[in-house]
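*Asks:* Can you keep this structure in mind? I'll have questions shortly.
The values are calculated or read from the model by the stated rules, or taken from the named source; none is laboratory data. Quantities reported herein were computed from a predicted structural model and do not represent experimental measurements. For neighbour counting, all protein chains shown are included, and Cβ atoms are generated from backbone atoms with ideal geometry for every residue, glycine included. Accessible surface areas use protein heavy atoms only, side chains included; no ligands, DNA or RNA. Shrake-Rupley method; radii C 1.70, N 1.55, O 1.52, S 1.80 Å.
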Amino acid sequence: MKSLKDAREELKKVLKRLHEAKPEELGKIKEEAAKYFKETDPKELALAEQELIQEGTPRAEMKRLCDVHLDMMKEQLKVSAKSINLPASHPISILKDEHKVIKRNLKKLKRTLEKLKTCHSFDEARGQVNILKELSHFFLETEKHHQREEDAIFPRLEAHGVIEPPQIFKEDHVEFKAKKRILNELAMGAEKGDFKEFLGAVAPIIDFLTKNLEDHIFKEDNILYPMSLKTLDKNEWPDVRKSFDAIGYCCFAPADLSKKKK
Ligand SMILES: [Fe+2]
Ligand SMILES: [Fe+2]
């Protein structure tokens, strides 16, 4: 039987080949890689990536690569993440519930942009601009969600030697925060300037958020959270929950908390 170390080295080789593949070879290498990914659990994959970064692969490159193999593992990951059963009060359940609300609002954001694109003036777009104002406020509120991940879960992962994945997710959070702030400023200041200019400014931000935040959530639900469940000790989770409560929640209360309020 292969030792864990050998298996990781092999996995790293596969990842490296994917990373270095020329476009015309990518299909073939993907096919070969698929069989490795089938047997790989998310934590092993994350640790292999972490080692590659420590050995010199730039983090940005790793992120791009991550998207390639994620795409290949999508179905398999969904199945294994689905099999995790947790009570609604568990911190991971709370985060996943929040993701559902965030995803719904990302769809709404996309629809709003599509409708805005059919308008020619602020007068015509008033209803959509109001929706955009509400949505941009909602997305600012989700900062608490990211803060709980960063302050209550990431340091615990790092204490267990999982260093790189939290760094990648943190970098995403910084980018999202900046975009969400600009979106909110644009929405709140709308109707003051030129409608075309306004549309030209909000469109790329909405495109960025709908694509990248959706991907970020997928990676968390299917890789980062299952990996956290495997990495943290069972008795650490009540403390995570305490940290969650201390940081606070978003304007949308997760199922467990709204039940408590009644
Ligand atoms: Fe996150
Ligand atoms: Fe998240």
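*Asks:* Under a Cβ-Cβ cut-off of 15 Å, what is the net charge of the residues other than ARG126 that fall near it, where Lys and Arg count +1 and Asp and Glu count -1? Please list the in-between numbers first.
*Replies:* On the way: positive: LYS115, LYS133, LYS192; negative: ASP123, GLU124, GLU134, GLU191.
Every neighbour counted, the sum reads -1.
*Asks:* Counting heavy atoms of the protein chains only and a 1.4 Å probe, report the per residue accessible area for the chain as a whole number of Å². Walk me through the numbers before you get to the answer.
*Replies:* Working: 13910 Å² over 262 residues.
Heavy-atom SASA per residue in the chain reads 53 Å².
*Asks:* Taking the Cβ of ILE247 as the centre, find all other residues whose Cβ is under 15 Å away and add up their charges (Lys, Arg: +1; Asp, Glu: -1).
*Replies:* Details: positive: LYS144, ARG148, ARG156, ARG241, LYS242; negative: GLU98, GLU141, GLU143, GLU149, GLU150, ASP151, ASP239, ASP245.
Taking every other residue near ILE247 into account, the sum is -3.
*Asks:* Kirkwood hydrodynamic radius for the chain: how many Å is it when counted over pairs of different Cα atoms? Intermediate results must be reported in sequence, preceding the final value.
*Replies:* Numbers: mean 1/r = 0.0494 Å⁻¹.
After inverting the mean inverse Cα-Cα distance, the result is 20.2 Å.
*Asks:* Still on this structure, I have one more. To the nearest 20 Debye, how big is the dipole of region 91-261 about its Cα centre, given +1 on the beta carbon of each Lys and Arg and -1 on that of each Asp and Glu? Don't skip to the answer; put the middle values down first.
*Replies:* Values: 31 positive and 30 negative charges, 133 e Å.
With only Lys, Arg, Asp and Glu charged at Cβ, the dipole is about 640 debye.
*Asks:* Short version: ³J(HN,Hα) in whole Hz for each residue of region 54-62, in order, from phi by Karplus 6.51 cos²θ - 1.76 cosθ + 1.60 (θ = phi - 60°), x for Gly and Pro, what are they?
*Replies:* 5, 8, x, 5, x, 4, 4, 5, 4
*Asks:* Oh, and also: Which percent of the accessible area of region 91-261 is formed by carbon and sulfur heavy atoms (probe 1.4 angstrom)? Don't skip to the answer; put the middle values down first.
*Replies:* Values: 4220 of 8090 Å².
Reported share for carbon and sulfur atoms: 52 percent.
*Asks:* Same structure again: Of the listed peptides 90-100, 104-114, what is their order by residue-averaged count of other C-beta atoms within 10 Å, with the highest listed first? Each step should come with its number before you reach the end.
*Replies:* Working: 90-100: 20.0, 104-114: 16.2.
Descending packing order for the listed peptides: 90-100, 104-114.
*Asks:* In degrees from 0 to 90, rounded to the nearest 10, what is the angle of the helix 4-20 Cα long axis to the longest principal axis of the chain?
*Replies:* Between helix and principal axis, roughly 50 degrees.
*Asks:* Additional query: Ignoring ligands and nucleic acids, what accessible area does PHE244 show with a 1.4 Å probe (Å², nearest 10)?
*Replies:* The value for PHE244 is about 0 Å².
*Asks:* Rounded to the nearest 500 deg cm²/dmol, what is the calculated helix-only ellipticity per residue at 222 nm for the chain, with -39500 (n - 2.57) per DSSP H run of length n ≥ 4? Don't skip to the end; give the middle numbers.
*Replies:* Working: 13 runs with 204 residues, N = 262.
Rounded to the nearest 500, it is -25500 deg cm²/dmol.
*Asks:* Could you list, in their original order, any pairs among LYS115/LYS144; LYS117/LYS219; LYS63/LYS170; LYS12/LYS219 whose Cα atoms are separated by more than 21 Å? Can you show the working numbers first?
*Replies:* Numbers: LYS115/LYS144 29 Å; LYS117/LYS219 30 Å; LYS63/LYS170 12 Å; LYS12/LYS219 19 Å.
Long pairs (Cα-Cα over 21 Å): LYS115/LYS144; LYS117/LYS219.
*Asks:* Could I ask something else about it? Rounded to whole Hz and in sequence order, give me ³J(HN,Hα) for region 186-197 from the Karplus expression 6.51 cos²θ - 1.76 cosθ + 1.60, θ = phi - 60°, writing x for Gly and Pro.
*Replies:* 5, 5, 5, x, 4, 6, 8, x, 8, 4, 4, 4
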